Structure formats: structure tokens, C-alpha cells
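> Can you read through this structure? Questions will come right after.
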Amino acid sequence: MNYERLTLLNKEILACPFSKESNLPCGRSEGFLPVINELYPTQRYLIISSDPSRDTDKTRDTLQPHSHFEPRFLALLFVGSDSPEVCQAIREDYSELKKIFLKYFYWTHYCKCYSGGNPNRYCSTLYLEKEIKLFHPELIIAVGGKAAEFLLGSGKLINRVNKVAYYQNIPVICTLHPSQNWNRRRRDEFSFYQTWELIRGKINFNEEDSLKFERILRRVKKRTGRI
């Protein structure tokens, strides 16, 4: 990772002039500003989703959830389930899981501002390819069709899930967006949970973090009766 240049690029994104104008070629919803997540030199895995959640609040403490979506994403990543009982259980260890997450994962977006889930290519053309090159991830997790098409070209998301593809020799795993709305009814046809097991199998932590994660996982399983 080129941490210094990525940091400068993020400052450029945050200073985007369209965040202060009514002319919106990027497709963002009016009143929403660019969202940049925490960047650390230790990060190895890149998550790309379509656009930030509507309720994202970056003024909150780093180790607290910044949106309602974030705990469910971490539940899938660390436990393989985003059921209500699992999401509730991980909240008791959320800050510790978030520390591990931030050490290894960087989360960026196809569109840098909330756009109602329907962004155009403006932000991705300006920034996303640069981000990927500077980050040089060991694995990209593409969440939803916009990210998948940017990386792999035109194609149906359903034909890309639960397998490893490649973007400029970087492994890519595509997944259906784990939203709480109509997407949940399509999980079976999109091999949703099998895809998350594939993702989880590609992630490696150092020995100290692996032991810490296993302790947290045992507590989560105990709380949810999954042992």
C-alpha cells in the first residue's frame, strides 16, 4: 500500500467541489457529503460497495458503528450470519471486532456520497482505479452489481457470486448486497451464505489477532446458542 498517496487522494475526495454545489454530475443525493473510512498502513483487504449508507455518521467514535449497516456487515464477515441475534451479540464486543477489522480491511465506495443506491460512474472514473492501484489489495470484496461491473465489465451479478475472479491479477469475490430490504429474499438464488464462507476462508489474521478473534467468536456463539 502507498499509504501517503492514498491519504492525499482521500483529502482530494473530501474536497470535491460538487459537495458544495447544486449541479450534481456525480449522481449523489443533495445534502450528502463524501464519506471516507479509516485508512491504516496494515490494511490488506479492500471492500467496495456502491455508495455510503444514508445514515452514515463519521462524527461518531472510530470504534463505534457509523451506520446501522456496519454491524451486520461485520457479523457476516466475522461470524457468517447477520441474523438479529448474531448482530445483537457482536455489539457487546463491537469495539474489539472493529479494531481487528480496521487493521486488515479498508472500505471504499463506487460513489463517494450517498446516492440513493443508484450512483453513476462519475466518482469511480475519477478515483476508484487510483485507489485500487495505490492500495494494491490482496483481495477485493465487491458488494453489489455496481462494484462488480466496474471491476469485471458488463455481466450479471448472479453469475459472478461464490467464485474467485480477477481484476488486474487481484482476486475478486462478488456478493449480493446484504441489505435488509428486497435483496434478502434473493439470497438463496445468489448463493449468499456460501459466498460469505468463501470470503471468510480467504481472510488471514496474524497469530495474536487470530487468538483474539477466536475468543470473541466463542463468546458470540455462546450468547446466541450456536455452540
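Throughout, read-outs are computed from the coordinates displayed, never taken from laboratory work. Only a predicted model underlies this, so the values are computations on that prediction, with no experimental measurement involved. Reconstructed Cβ throughout: ideal geometry from the backbone, glycine too, with neighbour counts over all protein chains shown.
> Using the count of nearby Cβ atoms within 10 Å as a rough guide to exposure, how do Tyr3, Tyr106 rank from fewest to most?
Least crowded to most crowded, the residues run Tyr3, Tyr106.
> Which of Asn120, Asn162, Asn183 ends up with the largest GNM mean-square fluctuation for the chain, with Cα atoms connected below 10 Å?
Taking springs between Cα atoms under 10 Å, the residue moving most is Asn183.
> Moving on. So, in nm, how far is label Lys202 from label Lys222 when the simple model puts each one 7 Å beyond its Cα toward the Cβ?
Here the modelled spin labels are 3.3 nm apart.
> Go ahead and set up a Gaussian network model of the chain, Cα springs under 10 Å, then flag whichever of Lys146, Lys133, Lys103 fluctuates most.
It is Lys133.
> Any idea what the relative contact order of the range 3-224 is, in percent, if you count C-alpha pairs under 8 Å spaced at least 6 apart?
24 percent
> Using a 7 Å offset from the Cα along the Cα-to-Cβ direction at both Glu129 and Ser179, what is the distance between the two label points in nm, to one decimal?
It works out to 2.8 nm between the two label points.
> With the crude spin-label approximation of a point 7 Å out along Cα→Cβ, what separation in nm comes out for Asp209 versus Thr7?
Placing both labels 7 Å along Cα→Cβ, they lie 1.9 nm apart.
> Can you tell me what percent of all Cα-Cα pairs in the chain are more than 24 Å apart? The partial results should precede the final answer.
On the way: 11144 of 25651 pairs.
For the chain, the share of Cα pairs beyond 24 Å comes to 43 percent.
> Starting from the alpha-carbon convex hull of the range 76-126, give the projected area averaged over all orientations, in nm².
Details: hull surface 20.3 nm².
With the hull built on Cα positions only, its mean projection is 5.1 nm².
> Compute the whole-percent fraction of alpha carbon pairs in the range 107-149 spaced more than 12 Å apart.
Numbers: 556 of 903 pairs.
More than 12 Å apart: 62 percent of the Cα pairs in the range 107-149.
> Sequence-distant or interchain residues sharing an amide H contact under 5 Å with Ile47, placed H: which?
Close amide H contacts, sequence-distant or interchain: Tyr106, Trp107, Thr108, Ile141.
> Less than 17 Å from a label point 7 Å out along the Cα-to-Cβ axis of Gln88: which backbone N atoms in the range 208-227 qualify, by residue?
Once the point is set 7 Å along Cα→Cβ of Gln88, 219-227 turn out to lie under 17 Å by backbone N, inside the range 208-227.
> To the nearest Å, what is the center-to-center distance of the range 168-227 and the range 96-159, using C-alpha atoms only?
17 Å
> Name the lysines eligible as straight-distance cross-link partners of Lys130: C-alpha to C-alpha under 30 Å, and not fewer than 8 places from it in the same chain.
Straight-line reach from Lys130, under 30 Å: Lys11, Lys20, Lys58, Lys98, Lys99, Lys103, Lys112, Lys146, Lys156, Lys163, Lys202.
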